[in-house]
Amino acid sequence: MANTILVGAQWGDEGKGKIIDVLTEQADVVVRTQGGNNAGHTVFVGPQKYVLHLIPSGILRRGKKNVIANGVVVDPIGLVNEINGLHKLNVKTEGRLFVSETAHVVLPYHRELDAQREVLKGRHKIGTTKRGIGPCYGDKAARVGLRMVDLVNPERFEEKLRLRIKENNEVLRALGAKPLSFKTVHHTYAAAARVLKPYVTNTVVLLHACLRRGESLLFEGAQGTFLDIDHGTYPFVTSSNTSAGGACTGSGVPPHRMDRVVGVMKAYTTRVGEGPLPSEADEISDLLHGMGREFGATTGRPRRCGWFDAVATRHATMVNGIDELAITNIDGLDTVETIKVCIGYRDGKARYDHVPADDQVLARVEPVYAEFEGWRTPLDKVRRWKDLPVKTRTYLRAISELTGARLGIASVGPARAQTIFV
Ligand code: IMP
């Protein structure tokens, strides 16, 4: 298989975990390149459900290497818990999981600052996952972050941590929050460092050795295009490049070694947290929540839901260079009589066929809809494209055409088997 970048084409939670798991079969190495444990990728293997936050989904397939590359922000406690959780389920991580020396470390003051800043923002809050992601990337950009290479070097870690806690305690006090105890944090994180040390390595060298051997790489995107720090609905975004370019900077694998970009999108739209969502609609939200669907894998929050937004996915195709689409959660629309698709935005007399950069405009645009007849039959048992109802195929072809990329995969349920290759 070619080297593949997999990205979310919407606001995250597109079902990337499952598609990655399916594509992993043809890959040798699965690589995470951005984000942290704000992500939650749900994978079912038989009846067993796994929710992975930091570790690439390739860990669930035998013989695959898994890399947490330099662009990821690593919460050491979260990572240790995830490793232990996998061990309990008899999934081996030793010799299969590699963590970049230069990945930045999420520390308790990042989480605390994340929470405090959200409180300060009041009704303008972002609705973050409170995992400390923004403050950690902030420290990285400000060149005061700690990296994995610091964490696993005991003297260096102690010295750097002491300084960072001192400075951050000043900020926390000013915000009216409780300062952190250096001793407690150091004790906990030094213990995590001892567990993680064997996994920490130079992943750039490792990935290039894989490339030289002709192994194929799968880059597992986290979050989605509209949460990208540059291309998303700023400021209601995460703090990393979730779009395809992030796979290169976040791993040290150059652009000319990337062969294809797969964009994952739901057959409708969802978003967790605040910010514009032009096609948001109570009717589809109520229906999906009533079915017990669309609750966040990381925070358990109900996701906001809307109709498929083709303006947004077309924009995502442009920004990521999507070659092929994987459309997921199609079965979520099984009972809908008339399915709407947003094909344009209206703002008074102005009409948009692209996503306006001005967040205030995006927040007030009205969707322009096209309507499709629903198939009104369960799809969960369908395994072949030609066995899908004609109305489903018409709908999927239409959203693929509107998005401007070829349809490659249609997913009708969470299990590996519920995947139709088109
Ligand atoms: P942060 O990444 O925790 O800073 O959160 C920033 C925004 O990104 C919030 O709206 C979150 O809900 C959203 N977000 C972060 N990670 C994910 C994810 O994996 N899926 C969906 N939304 C996410």
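In segment 5-16, the condition of being polar (S, T, N, Q), touching an Asp or Glu at 6+ places or on another chain (Cβ under 9 Å), open to solvent by 10 Å² or more (accessible area, probe 1.4 Å) and within 22 Å of T128 (Cα to Cα) is met by no residue.
With a requirement of 1 or more residues that are under 21 Å from A415 (Cα atoms) and away from the ligand (no atom under 13 Å from the Cβ), the strands (runs of 3 or more DSSP E) lying completely within segment 7-84 that satisfy it span 29-32, 41-45, 48-52.
Tell me yes or no: at least one residue of segment 259-271 is open to solvent by 60 Å² or more (accessible area, probe 1.4 Å) and either assigned to a loop (DSSP other than H, G, I, E, B) or assigned by TED's automatic domain parsing to the domain that holds V51 (or both).
Here is the first cut: in segment 259-271, the ones open to solvent by 60 Å² or more (accessible area, probe 1.4 Å) are 259.
Keeping just the survivors that are either assigned to a loop (DSSP other than H, G, I, E, B) or assigned by TED's automatic domain parsing to the domain that holds V51 (or both) gives 259.
The answer is yes; a qualifying residue exists.
Looking only at segment 118-146, which residues are over 21 Å from Q223 (Cβ atoms) and surrounded by fewer than 21 Cβ atoms within 10 Å (Cβ to Cβ)? V119, L120, G122, R123, A142, R143, V144, listed by residue number.
Could we say that G246 is farther than 27 Å from R397 by Cα, without any contact (Cβ under 8 Å) to a residue 40 or more places away in the chain and either small (G, A, S) or within 11 Å of the ligand (Cβ to nearest atom) (or both) here? Please lay out each step first, then the result.
Numbers: farther than 27 Å from R397 by Cα: yes; without any contact (Cβ under 8 Å) to a residue 40 or more places away in the chain: no; either small (G, A, S) or within 11 Å of the ligand (Cβ to nearest atom) (or both): yes.
Judged against the criteria, G246 is not a match.
Of all residues in segment 386-415, those that are in a loop (DSSP other than H, G, I, E, B) and either touching a Phe, Trp or Tyr at 6+ places or on another chain (Cβ under 7 Å) or open to solvent by less than 20 Å² (accessible area, probe 1.4 Å) (or both) total 6.
In segment 297-383, counting only strands (runs of 3 or more DSSP E) that sit wholly within it, the ones holding 1 or more residues that are farther than 23 Å from D286 by Cα span 324-328, 338-347, 350-352. Residue pairs whose Cβ atoms lie under 7 Å apart, separated by 6 or more positions or on different chains, with the first residue in segment 268-294 and within 18 Å of G127 (Cα to Cα) and the second more than 16 Å from the ligand (Cβ to nearest atom), are T269/S279; T269/W307; T269/F308; P278/C342; P278/Y345; P278/V365; P278/P367. Limited to segment 151-171, what total is found for residues that are in a helix (DSSP H, G or I) and surrounded by fewer than 18 Cβ atoms within 10 Å (Cβ to Cβ)? Within segment 151-171, residues that are in a helix (DSSP H, G or I) and surrounded by fewer than 18 Cβ atoms within 10 Å (Cβ to Cβ) number 11.
Out of the residues in segment 210-243 that are aromatic (F, W, Y) and open to solvent by less than 50 Å² (accessible area, probe 1.4 Å), state the one that is nearest to the ligand (Cβ to nearest atom). Checked segment 210-243; the qualifying residue nearest to the ligand (Cβ to nearest atom) is F236. Restricting G71, G58, G95 to residues that are surrounded by fewer than 20 Cβ atoms within 10 Å (Cβ to Cβ) and over 29 Å from E280 (Cα atoms) narrows the list to G95.
When L146 is tested against the conditions (1) modelled with pLDDT of 95 or more; (2) farther than 19 Å from T102 by Cβ; (3) in contact with a helix residue (DSSP H, G or I) (Cβ under 7 Å, 6 or more places away or on another chain), the lone failure is (2).
Residues in segment 198-222 that are among the aromatic types (F, W, Y) and either part of a helix (DSSP H, G or I) or on the phi > 0 side of the Ramachandran plot (or both): Y199 only. Take the conditions (1) more than 28 Å from the chain's Cα centre (by Cα); (2) surrounded by 14 or more Cβ atoms within 10 Å (Cβ to Cβ); G344 misses just one of them, which is (1).
Got a number for residues in segment 275-296 being buried (at least 18 other Cβ atoms within 10 Å of the Cβ) and part of a loop (DSSP other than H, G, I, E, B)? Result for segment 275-296: 7.
Condition check ((1) away from the ligand (no atom under 16 Å from the Cβ); (2) farther than 29 Å from A417 by Cβ; (3) in contact (Cβ under 8 Å) with a residue 40 or more places away in the chain) across all residues:
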| position | (1), (2), (3) |
| --- | --- |
| P302 | no, no, no |
| D323 | yes, no, yes |
| G344 | yes, yes, no |
| Y352 | yes, yes, yes |
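The values are calculated or read from the model by the stated rules, or taken from the named source; none is laboratory data. This is a predicted model, so every value here is computed, not measured. FYI the Cβ positions are ideal-geometry reconstructions off the backbone, even for glycines, and counts take in every protein chain you see. Ligands, DNA and RNA are excluded from the accessible area calculation, which covers all protein heavy atoms including side chains. Shrake-Rupley method; radii C 1.70, N 1.55, O 1.52, S 1.80 Å.
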